There are 2 protein chains.
Amino acid sequence: MTARAPVPAMHKTSAGDPASFRERLRDGILGIAVRIIAEEGLGALQARRVAVEAGCSVGTIYNIFGDLDGLIIAGNSETLVLMEAELRTAYQETEASPMPDRLTALAIKYMTFAFAHRERWSAIFEHRLPPGKMLPVDYDQRRAELLALLSHAIGGNTMPSELRQRAARSLFASVHGIITLALANKLSPFDPKSVDADIRFIVTAASHGLAQSR
Amino acid sequence: MTARAPVPAMHKTSAGDPASFRERLRDGILGIAVRIIAEEGLGALQARRVAVEAGCSVGTIYNIFGDLDGLIIAGNSETLVLMEAELRTAYQETEASPMPDRLTALAIKYMTFAFAHRERWSAIFEHRLPPGKMLPVDYDQRRAELLALLSHAIGGNTMPSELRQRAARSLFASVHGIITLALANKLSPFDPKSVDADIRFIVTAASHGLAQSR
DNA sequence: CAGCATGCTAAACAACGTTCAACAATCAAA
DNA sequence: TTTGATTGTTGAACGTTGTTTAGCATGCTG
């Protein structure tokens, strides 16, 4: 029994664009990985399972992404792209508004994204890459762009750069902390309305503090 | 070879207090687990390693703690006790100070603890228990006590309870977010001085906002 | 001494990430 | 076309996890 079926021989057999098969395989694997993370969380991402659902072998995943961390980072990178797009439109829509309103809009948008893509958002912060390894440069770049967006939202240019950057960092971290603890149920049962109120409280309070120390 | 040595038969052989062997074994395992977490992080905690270092078998760990999650929770519980003790003294030392100073002192103390016990502190928030399982009641109780401490620090009794609790939650979450992202190097290279300034900024700013909306 | 309950041991199991020899497919040159 | 080299995929196998469990030493009880 188990007559050791001859290899399906399905690779490189697709006639079409050049460099197509490999790229489609990459996109397919990546899409499946993102879907698993989105539906069941980062912990549910397993090499074998991705291979089965993608119709390839485990080895292929390692050929393309190096290891599971590479696959996770590629997925997180797509999440960052998605998030930046949404935040950028929110930024542009409130460009004429006064500063506290702009900050609140941005913070609420960040919250909305985190709630709508709960597991994908969590995956960004849950993932810790093994010691010694470095993040890809393009991934680092995406994060820097996001922070620059926040920094610009805080003070057009009427404020000392140092204070503005500190405010951008602290405020983002604060909003982030509120969302994180809320989603993890670490402080109280999860309640979106309450999180909304918490964020508005901290952003307006900080805005007043900022205006005062100008 | 490997003549299957007769079982060492080391258990229950200690003459002494009643119920002593088991408790000392429990404390030993727990102490080793805490040390591993403190020195190398939650990810370095492995059943076999704990068993070897404790001089017992893996099964014993499961007999005492149920599973690895039980051991982790027991370790985190000790961290909570340690943290609450430090925060409580900080709370008592600043009981006479005005509210913003009190909040700042408490927040800075929280930061100091997180830096001093980096991995133990991280373990509390990194650990996610498997779906369906509930946290032990005493563990939940410890967290509630910590939050009550913060809530009391914010408004003696001159403030509406609802607003006070919201402020306590948001402010703690904010400080927590600042520390979390700083330790994870998610926003910029880690710099304790900068984190200190960020926390003072958000706490004083929020205090002003609180005073305003009173 | 015989029987029983307790609870630690250590071997086994299942599932994971990861590696690698074998092999199919393609292309360039003869 | 035939040959050889190269590229890229396969799936079995390896090592390391968390977890379970049969086996047995121990202490207690009659």
- In the stretch B:7-26, is there at least one residue being within 16 Å of DNA strand C (Cβ to nearest atom), modelled with pLDDT of 50 or more and closer than 30 Å to residue A:128 by Cβ? yes
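From A:209, A:177, which residue is under 18 Å from residue B:209 (Cβ atoms), modelled with pLDDT of 90 or more and at the interface with another protein chain (Cβ under 7 Å from one of its Cβ atoms)?
Residue meeting the stated conditions: A:177.
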- Message: Against the condition closer than 19 Å to residue A:194 by Cα, within 12 Å of chain A (Cβ to nearest Cβ) and modelled with pLDDT of 90 or more, how does residue B:151 come out, does it pass?
- Response: no
- Task: Collect the residues in the stretch A:44-67 that are surrounded by 14 or more Cβ atoms within 10 Å (Cβ to Cβ) and within 22 Å of the chain's Cα centre (by Cα), keeping them in residue-number order.
- Result: A:45, A:47, A:50, A:61, A:64, A:65
- Message: Against the condition at pLDDT 80 or above and more than 9 Å from every other protein chain (Cβ to nearest Cβ), how does residue B:198 come out, does it pass?
- Response: no
- Note on the structure: Scanning the stretch B:91-135 residue by residue, the ones that are in a helix (DSSP H, G or I) and modelled with pLDDT under 90 total 5
- Query: Scanning for something of a type in the set (Ser, Thr, Tyr), more than 30 Å from residue A:126 (Cβ to Cβ), out of contact with any Cys (no Cβ under 6 Å at 6 or more places or on another chain) and more than 16 Å from DNA strand C (Cβ to nearest atom), does the stretch B:70-93 turn up at least one residue?
  - Reply: yes
- If you scan the stretch B:97-112, which residues turn out to be surrounded by fewer than 20 Cβ atoms within 10 Å (Cβ to Cβ) and more than 13 Å from chain A (Cβ to nearest Cβ)? B:97, B:98, B:99, B:101, B:105, B:108, B:109, B:112
- Query: So which pairs qualify, if the first residue must be in the stretch B:56-78 and more than 14 Å from every other protein chain (Cβ to nearest Cβ), the second must be assigned to a loop (DSSP other than H, G, I, E, B) and more than 8 Å from DNA strand D (Cβ to nearest atom), the Cβ gap must be under 7 Å, and the two must be at least 6 apart or on different chains?
  - Reply: B:72/B:127
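The values are calculated or read from the model by the stated rules, or taken from the named source; none is laboratory data. Because the structure is a prediction, the values reported are computed rather than measured. Cβ coordinates were reconstructed from backbone atoms using ideal geometry, including for glycine residues, and neighbour counts include every protein chain displayed.
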